[in-house]
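Please treat every number below as a calculation from the coordinates, not as lab data. Model, not experiment: these values are computed from the prediction. Quick reminder, even Gly has a Cβ in these numbers, built from the backbone with ideal geometry, and neighbours come from all protein chains shown.
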Amino acid sequence: MIFLLVLISLQPSMKVVERRGDVMVLRVTVPEDGNRTVGGLVAYSHHIPTIRIINSDPELACEKGNMVELGSPAKLRDYCVLPFSVRGGKDINSVDLEIDAVSVGGGSSSYAFEPLYRSLIVNYEPSQTTTPGVYLIITPDGFLDGIELLANWKRKKGWDVRVATLSETGSDASSIRNYISNLYETVDLEYVLLVGDAGDAPTPVPAFTNILNCPVTDHPYSTISGDDFLPDIIVGRLPVSNEGELATVVAKLLKYDMSPYMDDTLWYRRALMVGANYPDYITTALPTKRCVRDRLLAYGFQTVDTVFYPPVNDGVEMITTSVNLGVLFVNYRAGRASTFAWNKPKFCVDGIYGLSNDWKLPLVVSLVCYTGSFDAPECFGEAWLRAGTPYQPKGGIAFIGPGSASTSTRWNNCLDYGIYWAILEEDIPTVGQVLIRGKMELLCNFPLEQFGSSGVEKYFNDYNLLGDPEMTVWRDVPKRMLATHPDTLPVGSSLLTVGVENVSHEPVENALVSAFKEGELRTYGFTSGDGICMLNVEPRTSGSLYLTVTKRRMLPYLDSISVELNDVYVGYSSHTIGGDGIMTSGETTSVNVSLKNYGSQTATDVSAVLGADEYITVIDSMFEFGSIGAGEEKEGTYSFAVSPGCRNGHAVQFRIRSSSGSYVWNSGFMDSVSSSVFSLDTVAVAGDGIIDPGEEEDIHITIRNSGSSGAYDINGILRNLTSTASVTDSAYYFGELMPESTSTGFFSVRIYSDVAVGKRVPFNLFLTTADGFMDTVFFCITAGEPDTTAPLGPDAYGYYAYDDADVDFDARPTYNWVEIDTGFGGGGTCLPLRDDEVKTVSLPFTFRFYGEEYTQISVCANGFLSMGVDICNDMYNWHIPSSMGPPSLVAPFWDDFDPTSSDSSGDVFYFYDESGHRFIVEWSRVQHILGFIHEIPSELLTFEAVLMHPGYYPTPTGDGEIIFQYHTVKNDDSWHNYATVGIEDHNHQCGVEYTFANSYPPEASPMRDGRAIKFTTQPPDTFLGTGERYEGMPTLLISPNPTFGALVIKLKGIDAELSNARLVVYDLAGRYVCEIPVKLPNTRIFWDGTDTTDRKLSQGLYFLKLSCGNVDITRKFVILR
């Protein structure tokens, strides 16, 4: 299956225009300069895809023949990543790349990497089968006893823990890596914990040395599959040199992960930012710390202490006071440090050992050179973990830092933002995952600098984790869970039912329930929507069975169940499905069940009732087994029917209630259902492959049965999901489809003439079979072929970008420069900004932007402004959207500028054009700066941002329009990603990126003098997506529709006193997806497009149901990916 990494989706020069099963068509806008290239990454499963140009123009075939160059494939655990580039050519504006790979079916993904895939892969469809795999501990032989407590805790959480000593693995780095590699090839290895210091220990656990100017690194232990720098497993190290240090670190980890300190919960809402603009040429460290501080405060932290140089030179007292009070995070940024200390504000190893913060142990992130040099006698990072004793802990719980002296400011800033974005916005659960996600942010934001000793590859090696990689990262006060379960279980097979709820007695969904008995069993499952988890357990001896329930942001529930040997106990032993041995949806079959008497005495008059879930109808539910002697087994037969709606791979939990006289026992077993699964293989448009607005064309839809059983008498009905098109020939008989076979149906559709070019028109093919099985496949057809004369967008909120080249659209702006610089005849007010300075200006009207209302803006010298009051002054420009930069970003030309430079002849001005009802900010003749330590003054640039009064320039959403105008521009900062042009919301989650890294989407025209760009929620046509008209009271309005993820939901006519209003999302089959909180009297709701487990919904048709009093309203909406 082909996937797009998020970094490719953010490349503005690339856009998915078609998806056909295992085939994706990617449109790439190529540079006019034939010496330059644009590149990207495609993620896919296992098989290397073919990439070829499919544009139909024969005159350019020779020119195109060598335009595409493929790089070396890399692997990110379950998915391969293929770099590719497209070279510019004469008279070629864009090319379409057809990317084809062989599907490998629906294999399960890594449990540890699944949160990363969810974050990084645009069209990732979460696996329903991810479960904990293998957690490997590598330790010197002398530490074996000391690590056992931690190993046992991991087992109780559900991990298959393997402990290997250096005498087994070998004692050099290459031998250890080979051991890891061999294990990776044979089991589901996910985490590796190295126990021991790399240098300062009697028996060191070595690291790799001198890789890309990194003196010490553990990263190569994670890069097992493929010759690349992307990790396949998650690695951490406990850098201890003796048993005493190991006991301290293990005690800290167990307390933090199992039962974190709750006597004073305020420490979960406190953090400490330490930083220095040091040496003097470092100017972005302190602004980065302030931005991270502001995000923590916005998330809900009550206090974020700051210790900054200047003015603080010696930070010991202030840092000690803050840490001792209790902070969840300690974060440091500067330009220089040493192996044993932060230089400014000064805080060294001795200061760590002088702390007294007890069990309030912070995660320490030190984004500055040297502080993670764990091959030194005792580096700064190691001291945070080693400090304290098992009974009087101090210091930190984990440390992230580099081992070299050659990290760079812009990379460190990006990594800093990425780490806290992972924790706060994406809720990445473990510290090892957080570090990888932070590193992947570098891939997103440095597309032109991937490899070598100064690129992304270096930073993957340089930054290491000192700590347990699977350790939970708390981000707020953990909530308590309650669980109900039996106190005792008999020896033998039992069905263990566990109910999980919160302190308000509401069910907790998707909690991991693990049952573990030393040397006998390890089993686990997840709670359903009603908070119930059923586990089939079979303890063989009496003793304690440990029950552990874990859930993100909740305290683990820990208990033990006494396993007792009974005189009489009858439970499940084995089963076989009748007929071909497979349960198939829609069939009636039988199951032979063997019961065993695990007791020491005969059970008489045994009968057993079989039950199952909602997809199974048991026809003969009772069977009389008679007497079963001690240790004896007997078999009984039950018949049942499987619902036609049961999906392929569904695990049926069968329940057995057996009895003998007054004895009653519960046991059970699971088995999976086989069914057909219809997936889209290809959609081919007849003729030239394009349906222009106003055109009717035949389409050929090929479906594949990717399930495990055949389908017969398949009928298909094609439906249009919006009012943008009609289906003129809608029915086709596909016949039968065996597993992995295909069949092609023929249909006709018309796209209406007033549909905008570039609009994605969604369709749904509804399929039924003779036995009642139903399935749907979803796809989109792009109206026409968008180019620079079409608008860009929309983003997930509904903003579009029109430029002056979009001549066929009424919303197109016309370049009409408004000079407000008083030195050139304008009437504006000078906003005297120094280098990298930000100042706040009041607006003369309220401006709505991404649903939020503002009366102030913050203007930065570096070519951007942000809505509201903000202090971000970043001279480095980044992707849109990304974790970096200010919230509510408006970026006409975000790059490094210095209005005070000796060559700069202008400044920044603002002006309210009262008659025109618009507010203008102009960067006038400001000095464009290239380079960093040795700054290179470049051109004087002039451009402006114009905010239009929403009351005079209305839009469908009430959001304001923004116009960028360019008097004199040159986009030539190749040192750092050229310029960023676009807008972004307050959550850094959606936006319109017009250009970044000199890359443009097909709809965007290159930057030049005289260019005008307008951002508006005014769509390019009049279609409302679903075509529904909202009449009557109350009403439910949703936009945009279709959406690329997020929805803005408007409720009208609802009594603010009515407390029972509910919004629920269902999928096409009517299955519950999630409930969206309604907090009246607020009737404008933003939903981010995720389900109850914070996973992005896959593309398709969904239903939003509003229940309010006696009124139910349902609206359909479409998600595109």
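An ellipsoid equivalent to the range 481-564, defined through the eigenvalues of its Cα gyration tensor, has semi-axes of 22, 11, 11 Å when rounded to whole angstrom and sorted largest first. For the range 800-1016, treating each Cα as an identical point scatterer without solvent, what Debye log10 I(q)/I(0) comes out at q = 0.10, 0.15, 0.18 1/Å? Result of the Debye calculation: -0.38, -0.91, -1.40. Projected onto their three principal axes, the Cα atoms of the range 564-688 cover extents of 79, 28, 23 Å, largest first. If you bin all the Cα-Cα distances of the range 933-1023 at 10 Å, starting from zero, the percentages per bin are 13, 40, 33, 11, 2, 0. Ordering 986, 1019, 489 by the projection of their Cα atoms onto the charge dipole of the chain, which places +1 on the Cβ of Lys and Arg and -1 on the Cβ of Asp and Glu, puts 489 at the extreme positive end.
For residue 406 and residue 303, compute 0.36 nm times the residue count separating them, minus their Cα-Cα distance, and round to one decimal in nm.
Numbers: separation 103, 0.36 × 103 = 37.08 nm, distance 3.28 nm.
Taking residue 406 through residue 303 to full extension adds about 33.8 nm, to one decimal.
Under 15 Å of direct C-alpha separation, and excluding same-chain neighbours fewer than eight residues apart, residue 1014 reaches these aspartates and glutamates: 795, 803, 804, 806, 808, 810, 944, 959, 961, 984, 993, 1003.
Anisotropy class assigned to the range 842-890 is oblate, per the alpha carbon gyration tensor with a/c at or over the 1.5 cut-off and a/b no larger than b/c. Computing FRET efficiency as 1/(1 + (r/R0)^6) for residue 544 and residue 484, where r is the C-beta to C-beta distance and R0 is 30 Å, gives about 0.95.
For the ranges 760-770, 355-365, 982-992, 552-562, what's the packing order if you count other beta-carbon atoms within 10 Å of each residue, average per peptide, and put the highest first? Don't skip to the end; give the middle numbers.
Details: 760-770: 19.6, 355-365: 22.1, 982-992: 23.9, 552-562: 16.9.
Result, highest mean Cβ count within 10 Å first: 982-992, 355-365, 760-770, 552-562.
The range 149-221 and the range 743-765 have Cα centres spaced 54 Å apart.
Label point 7 Å out from residue 604 along Cα-to-Cβ: which residues of the range 537-581 have amide N under 16 Å? Under cut-off, by backbone N: 568-569.
Once you compute Rg and the Kirkwood Rh from C-alpha atoms, what is the Rg to Rh ratio for the range 678-782?
Details: Rg = 14.0 Å, Rh = 14.1 Å.
The Rg/Rh ratio comes out at 1.00.
The distance linking the range 700-736 with the range 455-494 is 44 Å (Cα centroid to Cα centroid, whole angstrom). Net charge in the neighbourhood of residue 247 (other residues with Cβ under 14 Å of its Cβ; Lys, Arg +1, Asp, Glu -1) is -1.
Each of 340, 909 was scored by other Cβ atoms within 10 Å of its Cβ. Listed from fewest to most, they are 340, 909.
Of all DSSP beta bridges in the chain, what percent run antiparallel (nearest 5)? Display every interim value, and only then the final one.
Details: 243 of 289 bridges.
For the chain, the DSSP antiparallel bridge percentage is about 85.
First obtain the Kirkwood hydrodynamic radius of the range 785-862 from its Cα pairs, then insert it into the Stokes-Einstein equation at 37 °C and 0.692 mPa s, and state the resulting D in µm² per second as a whole number. Once the numbers are plugged in, D ends up at 206 µm²/s.
Extending 7 Å from Cα along the Cβ direction at residue 727 and again at residue 559 yields two label points whose distance is 5.1 nm. Counting only residues at least eight positions apart within a chain, or on another chain, the lysines with an alpha carbon under 18 Å from that of residue 154 are 252, 255, 517, 551.
Percentage of Cα-Cα pair distances in the range 463-621 greater than 28 Å, rounded to whole percent? Numbers along the way, then the final one.
Numbers: 4759 of 12561 pairs.
Tail of P(r) above 28 Å: 38 percent of Cα pairs.
Checking the cross-link pairs 479/1050; 289/439; 759/1116; 439/970; 289/1050 against a 28 Å limit on the alpha carbon distance flags 479/1050; 439/970; 289/1050 as lying beyond it. Checking the a/c ratio against 1.5 first, then a/b against b/c, what shape does the Cα gyration tensor give for the chain? The shape class here is oblate.
Suppose a student asked you for the relative contact order of the range 678-782, using Cα pairs under 8 Å spaced at least 6 residues apart; what percent would you report? Intermediate values should be presented prior to the final figure.
On the way: 264 pairs, mean separation 33.4, N = 105.
Taking the mean separation of contacting Cα pairs over the length of the range 678-782, I get 32 percent.
Normalising the average separation of contacting C-alpha pairs (under 8 angstrom, six or more residues apart) by the number of residues puts the relative contact order of the range 369-412 at 44 percent.
Note on residue 690 and residue 639: the extension gain reaches 13.1 nm, defined as 0.36 nm multiplied by sequence separation minus the Cα-Cα distance.
The distance separating the Cα centre of the range 525-569 from that of the range 818-850 comes to 64 Å. Sorting the segments 800-811, 285-296 by their residues' average number of neighbouring beta-carbon atoms within 10 angstrom, most packed first, yields 285-296, 800-811. Over the chain, Cα pairs under 8 Å with separation of 6+ residues give a relative contact order of 7 percent.
Fully extended, how many nm does the chain gain between residue 822 and residue 476 (0.36 nm per residue separation, minus their Cα-Cα distance)? Each step should come with its number before you reach the end.
Values: separation 346, 0.36 × 346 = 124.56 nm, distance 5.08 nm.
This chain segment gains 119.5 nm when fully extended.
Order the peptides 938-946, 259-267 from the highest to the lowest mean number of other Cβ atoms within 10 Å of their residues.
Values: 938-946: 22.0, 259-267: 14.9.
Per-residue Cβ counts within 10 Å, averaged per peptide and sorted highest first, yield 938-946, 259-267.
Please give the FRET efficiency for residue 283 paired with residue 614, using the beta carbon to beta carbon distance and R0 = 60 Å, rounded to the nearest 0.05. Once the sixth-power term is evaluated, E becomes 0.45. Where only DSSP H runs of four or more residues are counted, the chain gives -3500 deg cm²/dmol as its mean residue ellipticity at 222 nm, each run worth -39500 (n - 2.57). Between residue 167 and residue 663, the simple label model (points 7 Å from Cα in the Cβ direction) yields a spacing of 4.7 nm.
Counting beta carbons within 10 Å around each of 187, 673, 818, 349 and listing the fewest first gives the order 187, 818, 349, 673.
How large is the dipole of the chain about the Cα centre if only Lys and Arg carry +1 and Asp and Glu carry -1, each at its Cβ, rounded to the nearest 20 debye? Please list the in-between numbers first.
Details: 80 positive and 140 negative charges, 408 e Å.
Value, rounded to 20: 1960 debye.
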